[in-house]
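A short worksheet on the structure shown next.
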Amino acid sequence: MSKGLVEKSDAILTLKGVGKHFGGLKAVDNIDLSIKKGELHCLIGPNGAGKSTIFKMIMGVYEPTVGEVFYNGKNITKMKNWDRANLGLSIKMQVPGVFGELSVYDNMRISAQKHMKSSERDEEIDNLLRFLDIIHLKYEIVNNLSHGQQQWLEIGMSLASKPELLLLDEPAAGMGPTETEFTAELVQKLNREGVTILFIDHDMDFVRKIAEKVTVLHLGKKFAEGTIEEIEANQDVVDIYLGNS
Amino acid sequence: MHLTKKKTKNYIGLILTMIFMLLLSACQSAETSTGSGAGGSKKDAPIKIGILEDQSGDFSLVGIQKLHAAQLAVEEINNNGGLLGRQVEIVAPDTQSDNKRFQEMARKVILEDQVDVVMGGFSSASREAIRPIMEKNKMLYFYNNQYEGGVASKYSFNTGAIPDHQIGTLMEAVIKKYGPKVYTIAADYNFGQISADWVRTETERLGGEIVGEEFIPLGVSQFASTISRIKAADPDVLVTLLVGQEQSSFYGQWAKSGNTKLPMATTVNMAQAYEHKRFDPPSLANMYVTVTFMEELGDILPSAKEFVDKFYKKFPDDKYVGMEAETQYTGVMLWAEAVEKAGTTEVEAVIDALETGISYDGPAGTAKIDPATHHAVRNVYLAYADKEHKITFPQQWEAVVPDWLSKEKGVDLTKKDEFKQYTPLD
Amino acid sequence: MIAILKVNNIVSGYGKVIVVRDFNIEIEKGEIVSIIGRNGIGKSTFVKTLVGILPNKEGSIFFKEQDITNVKAHERAWSGIGYVPQGHGVFPTLTVEENLMTGQLINKKKSNLDFNLVYDYFPRLRERKKQKAGTLSGGEQAALAISRALVGNPDLLVLDEPTEGIQPNIVHHISDIITKINQDLGLTVLFVEQHIGLIQQMSQRCYAMDKGTIVGEIQNEEVKNYEILKRYLAV
Amino acid sequence: MAIFELIYQFMNNFSFLILSAVGLAIIFGMMGIINLAHGEFIMLGAYITTLATASGVPLPLAILLAAAGVGVFGLIVDRLIINRLYGRTLDSVVVTWGISMILSQGILIIFGPSLEGSSTPLGSISIAGATYSTYRILLFFIAIVMLGIIYWLFMHTKFGLYSRATMQKHDIANTMGINTNKMYSLTFMLGAALAGLTGGLYAPTMAVSPTFGSAFLMPSFVTVIVGGANPLIGTSLSGGVLGVVNSILDILWGTFYGRLGLLVVAIIVIRLLPLGFSGLVEKKLMRGRGI
Amino acid sequence: MRNLKMKLNTENVIGIGLFLFLFIYPLFVTPYQILNLSYFISMVFLTLSLSLIWGYGGIFSFGQAAFFGVGGYFYAIFTMNSGISTITPIGLLLGVLVGGLVAGIIGYFMFYGGINDVFVGLITLCITVSLETFMAQTAGSQWKIGTVGLGGYNGINGIPTISLGSFALADVNFYYFILIVLLVVYIGLRLFVVSRFGYTAIAIRENRERTKLLGYNVPRFQTLIFALGGALASLSGILYATWGGYMTPSAAGLTAATLPVVLAAAGGRKNLTAAMIFTFIYYWFSQTLSASGNEYALVILGAALILVILFVPEGIIVSLFKLGDNLFFNRKKATQVKAEGEFT
């Protein structure tokens, strides 16, 4: 794709007053969030702050208890999750959402066949696997793969669906420095090609490296928002997330 | 734990299981191979009877009695030198109270074992499952069982009691004695439906009135609402046409509802599944049943007593010798007479011999084949159970002819072949 | 001093995926020790292996000088390991009191006085003792999970991210109480955490974990050193 | 008359549904095992009771003996077979199917196709000109008392507490020191014992044969399906609702519609509330308290 | 495409061997044995239908017996009402469609209603038993469709066999007809499971929620595959009805409902060939036991099933395939092509 820059003015995803309650627990409490087209946006916050729950509400795994979700200006609050996927939303889950008893190829194919012609499919899969450097594992059963390799595979599955907005839940978790580096480059490259990316991560180096904008969540609420510099300078964020010195 | 053990463990289990199953099937095929394979030369080879009875499942209560009766009859025939100088052999697979199994086994005994005659079947459903197979393969079939009547088929002979024998007589006896209002409960299937219709026809003929009629699905064992409906209708006589182990729970529940004064009339109970012995009195108090035989007939009939004694001598562990056991026994004997008369086991010849009106002096008196309908002319006895379940026989009818088919439907199988079941519902 | 817990070279994970490898720690009686590390590096897997939910494929675990490597989870509990699971793991449809009663099973003394003890530590639980645990707030659930482990009168308390998803003031409260119990009763505490504040506040000694194994040990004053901890937490 | 009649009907249906289902419900709810041999467990109870009374044991004792005997049998089955299948719901279907085949045919081989039954005790009582079986009315109260005992057992004893904990989160319960495998064994034993009790209670009212259990199988499954996972709330609620539906349809249109009605209600309930009545109640409970 | 090349492994060797054997079988045996094997084959479709929806689609159903019944009864009523033998092939095709349609409607209500896993099993069990309860009470003369009485528990008799033109299929002809149908269905299913749709089914079985997130309308696929399974079960029922000229409500009873589950589980539910072979073995074994009149028949059968599940939980035939692969074929290769379809 040749567009170096994508129009960043209009929001691709908007959350309005969204909340999710489980019994007495408010996992997500009245969140407003707006992601602009082409943005590379990061959610951070301590464990249990509600980050993954937000992802699940965006993808339609959970229906919000209150509030609304908009995608490209369209209200998708009650839309089925497969329809959302077909709008161009894709997710890589925290716990690898791969099909453990199938081979790497099968996993890729399940994702790819939905979005590619069958004549191009196998070649594209090979390309992606090569790109992710797991081509040698093509016929391996996924359960035999390491945690890291499963993460790669899942990113590959997301890519095979040619997404417009990609949600990555801890894309670099469990990876070493070189792998993390590689992931960072990959994410940035995808972003440059026009994919809007919203991701969660705990690794601040990783976040610092790629995020254009950061939203901090705490106890289900939006705690702060801004560029990475603004966030790191915010003493409250340091208090709740990284702790007092 | 088991889940995490090594692959080898799995394979050991697999191999053990395989060996177990192979051993079993080896025993089985050894056992069956002795049975089959004798179909070829017919000269000195034994004559074969295929007996299809339920040795397990819901109907085994009667099925085992019937198998034993056939074994008794065949033993007697063989002890008297066999048939046409040949020994008679029984092929008796277990039909497991399963109609699909009846079909499989009917085909097996005809085509594989090449039997000369097939006998058996208890429920109407099992008979209807195999009758077409008999017709298709031109196989002589004896249904030695009481049933709802109406089968007109070239290849089928019925030696048991049918409504012609049982229902006219029964209704006549009870309506005369107790009054015209009749309530019928029947099993909700063909036997029950058709028998209930017979009851209706006969009741109306006798000037009675049906004040209630209810059909109970098979397998139902709880009768509280039925009992209350019966009480509400306040009949003079209750006719029960229930089948199967579950439905026989009715009587205990009926007795407990406190109304044992109302007389019951039936064609199925006591004589077949000896409920009067199995249930504590007074569950069946005040019940009338028309039978062609039951064990207690030995009290008034020497030939019956002789049969019962023979039966218990051969099968000392059996609990009762019922109506269907006698019917099966008599059926085998009638067929044997016909074979002797025909001089061959060839089906058409045996049918011709049977249609001459073969008769046999059996345990319950003379049974004679009615040529036009292929049913049997039989003596009918009215049995009565009192509060202590003691059986008496207040009335009997000599040589009742099953002539509904020939009179009402114009059936004459000696003249015209037919392959269907007529019902009064038609 | 006596080592109350000794973990030698254990290897563990889910199915064929190995998450924890060559893992060694040693804890002395009366200590409060933490294991720190980022998300997803195997902290919880280790804890589950320690309490017996996951089998260890290799290595051995000694508790109070007994080899418990092949001992089942419930027997480990009886031998004196109290466990506070990640996400609190309260039984949602049981009442607060009933939750505590399940924890009391392994308490050989069987006295209900312990309930008063934990109710004194967490008065909110006393107010809500007849309420279903699933209706409690996150902080209350954490308090309940800790109380449930305490009423079993364990020799070793194992906590898996006890402060996940709860408010700072409750975090402080919890850390105070655990410290207090440690002092009052001499209870040994092992906890897994990524919240630097809590680590600084509570631990006397600290293991740093990465990629399924122990990569460093932080002792004495260094435990209070924000920069050192942060380095391990944000590798 | 009609109102007494209807009440009597309901009592009958209710006790039949509850007593058929409760053993199955406990095993399904607590262990996730679909016990297709449930009917045969009931049949075994009926045999024990009938044989015991025939040899002179008083009926109440014989019924308790049935519960104990089938309970022990259940424990043996669990130790030999079922404990390898915890959590494997679908494999348990195949295995318990095999067990049911062995049991019904084994009993046929040993005792023949039928057993002489004992008569229903206690006679009958008259209300408003109609007579009702006292034993049947007693069964209703036994069903109620049994629900009470189960309630007490699960809500007010240590066993109940630990088994509820195990049902909710067996891993965590395990780490609390609860021997979850033992809990499962005891639960299976309890379920089997209750099936045996049911068999014992109904033995004097029905024909005792190797197929005795088949009359119970369908109603018990429907009750459990409608009730959902919670053996107590679910079973009593669904026993109540189905009892009413069955009684009314039965009285209005006859036995067949009563029976078909059960199945239709089951299909509708499971479509609307996949977790059955107990799912609904538990959800309401959590929400109600949460606010 | 290299995907469709046959791989040399035990399953395929045995599969091909089995069909070769079945094709030459009539040369060596009595007419009875041919007829009997036709019956086994007609029941194989029933197991295959469950293997398809459960083994591949992850839908656990006790409803296959109900669709079996729907097919058989529809065929009987349709052909017997028309009375023309040439219409029987149309009856066959329509019956398969009707079975699929009924399953599709039931599936629609279940899957779009969010019912899954064991609950599908429970609801289909109720449906199956309802059908039996209903059909068993149709003995009365008011239960007539056209000129055909439903016959209650006695079932319907005299159902015509399939005729091609004026040529009625019987005995060996029927055997070859049904065998060719089996071959076509079998190959069709093997191709199906490596098709796009088949992959979707496998994905749904492995992880329903994740598959939704990949953009698949999971309820629709579930409904479709359930309908396909219903059509296959219906085909089985029709073939059974033509085999014996007979259809009975007990074909939809509790036992009939559980049997396919037992067969698929014990043979190896994730493998069509295994399910097929085990069906043959089971029917042969149980019939032999029954024919022997041995009172221990059901005890032995029950014990065998328990042993299979305890010692070879993934299915006895599948385990044998694996053993064969290890012994005779390169293991590395064998595991490499572990795409569930194995046509890879």
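The values are calculated or read from the model by the stated rules, or taken from the named source; none is laboratory data. This is a predicted model, so every value here is computed, not measured. Quick reminder, even Gly has a Cβ in these numbers, built from the backbone with ideal geometry, and neighbours come from all protein chains shown. SASA here: full protein model, heavy atoms, side chains in, ligands and nucleic acids out. Shrake-Rupley method; radii C 1.70, N 1.55, O 1.52, S 1.80 Å.
Restricting the stretch D:35-64 to residues that are open to solvent by 10 Å² or more (accessible area, probe 1.4 Å) and within 14 Å of chain E (Cβ to nearest Cβ) leaves a set whose member that is modelled with the lowest pLDDT is D:36.
For the condition farther than 23 Å from residue B:273 by Cα and touching a residue at least 40 places away in the same chain (Cβ under 8 Å), residue B:161 does not qualify. When residue B:186 is tested against (1) modelled with pLDDT under 90; (2) within 14 Å of chain E (Cβ to nearest Cβ), only condition (1) is not met. Report whether or not residue E:114 is surrounded by fewer than 23 Cβ atoms within 10 Å (Cβ to Cβ), within 28 Å of residue D:88 (Cβ to Cβ) and more than 14 Å from chain B (Cβ to nearest Cβ). Yes: the conditions hold for residue E:114.
Tell me whether the stretch A:89-112 contains one or more residues that are in contact with a Pro (Cβ under 6 Å, 6 or more places away or on another chain), at positive phi and either open to solvent by less than 10 Å² (accessible area, probe 1.4 Å) or within 10 Å of chain E (Cβ to nearest Cβ) (or both). No, there is no match, as no residue in the stretch A:89-112 is in contact with a Pro (Cβ under 6 Å, 6 or more places away or on another chain), at positive phi and either open to solvent by less than 10 Å² (accessible area, probe 1.4 Å) or within 10 Å of chain E (Cβ to nearest Cβ) (or both). Within the stretch D:90-133, which residues are open to solvent by 40 Å² or more (accessible area, probe 1.4 Å), more than 7 Å from every other protein chain (Cβ to nearest Cβ) and at pLDDT 80 or above? Selection gives D:110, D:111.
Evaluate the stretch E:176-184: report whether one residue or more is over 22 Å from residue E:68 (Cβ atoms), of a type outside the set (A, V, I, L, M) and more than 12 Å from chain B (Cβ to nearest Cβ). Spell out how you get there, then give the answer.
Here is the first cut: in the stretch E:176-184, the ones over 22 Å from residue E:68 (Cβ atoms) are E:176.
Filter once more, so that each one left must be of a type outside the set (A, V, I, L, M): E:176.
Applying the additional criterion that residues be more than 12 Å from chain B (Cβ to nearest Cβ) yields E:176.
The answer is yes; a qualifying residue exists.
A quick yes/no check of all residues on (1) open to solvent by 20 Å² or more (accessible area, probe 1.4 Å); (2) within 19 Å of residue E:117 (Cβ to Cβ); (3) touching a helix residue (DSSP H, G or I) at 6+ places or on another chain (Cβ under 7 Å):
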{"residue": "E:48", "(1), (2), (3)": "no, no, yes"}
{"residue": "E:57", "(1), (2), (3)": "no, yes, yes"}
{"residue": "E:60", "(1), (2), (3)": "no, yes, yes"}
{"residue": "E:81", "(1), (2), (3)": "yes, no, no"}
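Taken over the stretch C:122-171, the residue count meeting the criterion of being surrounded by fewer than 20 Cβ atoms within 10 Å (Cβ to Cβ) and in a helix (DSSP H, G or I) is 7. All conditions but one from (1) facing another protein chain (nearest Cβ under 7 Å); (2) over 18 Å from the mean Cα position of the chain (by Cα); (3) at pLDDT 80 or above apply to residue E:324; the one that does not is (1).
Considering (1) within 11 Å of another protein chain (Cβ to nearest Cβ); (2) of a type outside the set (A, V, I, L, M); (3) more than 24 Å from residue E:182 (Cβ to Cβ), the lone condition that residue E:222 does not fulfil carries the number (1). So which residues in the stretch E:204-221 are of a type in the set (Lys, Arg) and over 18 Å from residue A:160 (Cα atoms)? Passing the criteria: E:205, E:208, E:220. Among the residues making up the stretch B:117-153, a single one is open to solvent by less than 10 Å² (accessible area, probe 1.4 Å), part of a loop (DSSP other than H, G, I, E, B) and among the charged types (D, E, K, R): B:148.
Within the stretch E:264-313, the set of residues being open to solvent by 10 Å² or more (accessible area, probe 1.4 Å), part of a loop (DSSP other than H, G, I, E, B) and at the interface with chain B (Cβ under 9 Å from one of its Cβ atoms) comprises E:292, E:293, E:294, E:295, E:313. For residue B:416, state whether it is of a type outside the set (A, V, I, L, M), part of a strand (DSSP E or B) and either touching a helix residue (DSSP H, G or I) at 6+ places or on another chain (Cβ under 6 Å) or not assigned by TED's automatic domain parsing to the domain that holds residue B:132 (or both). The answer is no for residue B:416.
How many residues does the stretch C:206-235 hold that are among the charged types (D, E, K, R) and either crowded, with 17+ Cβ neighbours inside 10 Å or out of contact with any helix residue (DSSP H, G or I) (no Cβ under 8 Å at 6 or more places or on another chain) (or both)?
As a first pass, look at the stretch C:206-235 and keep what is among the charged types (D, E, K, R): C:210-211, C:217, C:221-222, C:224, C:227, C:230-231.
Cutting the leftovers down to either crowded, with 17+ Cβ neighbours inside 10 Å or out of contact with any helix residue (DSSP H, G or I) (no Cβ under 8 Å at 6 or more places or on another chain) (or both) gives us C:210-211, C:217, C:221, C:227, C:231.
The qualifying residues number 6.
Just need a number here: residues in the stretch D:260-280 that are open to solvent by 50 Å² or more (accessible area, probe 1.4 Å) and under 19 Å from the mean Cα position of the chain (by Cα). Steps first, answer last, please.
So the first thing to find is which residues in the stretch D:260-280 are open to solvent by 50 Å² or more (accessible area, probe 1.4 Å), and the list is D:264, D:268, D:271-272, D:275, D:280.
Cutting the leftovers down to under 19 Å from the mean Cα position of the chain (by Cα) gives us D:275.
Within the stretch D:260-280, residues that are open to solvent by 50 Å² or more (accessible area, probe 1.4 Å) and under 19 Å from the mean Cα position of the chain (by Cα) number 1.
For the stretch A:49-63, give me each residue that is in a loop (DSSP other than H, G, I, E, B) and surrounded by fewer than 24 Cβ atoms within 10 Å (Cβ to Cβ). Step through it out loud before you land on a result.
To start, the set of residues in the stretch A:49-63 that are in a loop (DSSP other than H, G, I, E, B) comprises A:49-50, A:60-63.
Matches in the stretch A:49-63: A:60, A:61, A:62, A:63.
Scanning the stretch B:214-241 for residues that are under 25 Å from the mean Cα position of the chain (by Cα), open to solvent by less than 10 Å² (accessible area, probe 1.4 Å) and more than 7 Å from chain D (Cβ to nearest Cβ) yields B:238, B:239, B:240, B:241.
Just to be sure, is residue A:29 in contact (Cβ under 8 Å) with a residue 12 or more places away in the chain and surrounded by fewer than 17 Cβ atoms within 10 Å (Cβ to Cβ)?
On the way: in contact (Cβ under 8 Å) with a residue 12 or more places away in the chain: yes; surrounded by fewer than 17 Cβ atoms within 10 Å (Cβ to Cβ): no.
So residue A:29 fails the test.
In this structure, is residue B:211 over 25 Å from the mean Cα position of the chain (by Cα), surrounded by fewer than 24 Cβ atoms within 10 Å (Cβ to Cβ) and more than 8 Å from every other protein chain (Cβ to nearest Cβ)?
The answer is yes for residue B:211.
Quick one: is residue E:141 facing chain B (nearest Cβ under 10 Å) and either over 27 Å from residue E:61 (Cβ atoms) or modelled with pLDDT under 80 (or both)? Answer is yes for this residue.
Restricting attention to the stretch C:177-203 and to residues that are open to solvent by 80 Å² or more (accessible area, probe 1.4 Å) and at pLDDT 85 or above, the residue that is nearest to residue C:148 (Cα to Cα) turns out to be C:180.
Please find, among B:114, B:96, the residue that is surrounded by fewer than 24 Cβ atoms within 10 Å (Cβ to Cβ), within 14 Å of another protein chain (Cβ to nearest Cβ) and among the polar types (S, T, N, Q). Even if it seems obvious, please write down each step before you answer.
Numbers: B:96 fails: surrounded by fewer than 24 Cβ atoms within 10 Å (Cβ to Cβ).
Testing whether each residue is surrounded by fewer than 24 Cβ atoms within 10 Å (Cβ to Cβ), within 14 Å of another protein chain (Cβ to nearest Cβ) and among the polar types (S, T, N, Q) leaves just B:114.
Among the residues of the stretch E:28-47, those that are modelled with pLDDT under 85 and in a helix (DSSP H, G or I) comprise E:31, E:32.
Meeting the requirement of 1 or more residues that are touching an Asp or Glu at 6+ places or on another chain (Cβ under 7 Å) and farther than 18 Å from residue C:154 by Cβ, the strands (runs of 3 or more DSSP E) wholly within the stretch C:1-82 are C:3-14, C:32-36, C:58-63. For the stretch B:284-303, the set of residues classified as open to solvent by 10 Å² or more (accessible area, probe 1.4 Å) and under 22 Å from residue B:173 (Cα atoms) consists of B:286, B:288, B:295, B:296, B:299, B:300, B:301, listed by residue number.
Selection of the stretch C:83-103 for residues being assigned to a strand (DSSP E or B), within 17 Å of the chain's Cα centre (by Cα) and more than 8 Å from chain D (Cβ to nearest Cβ) yields only C:84.
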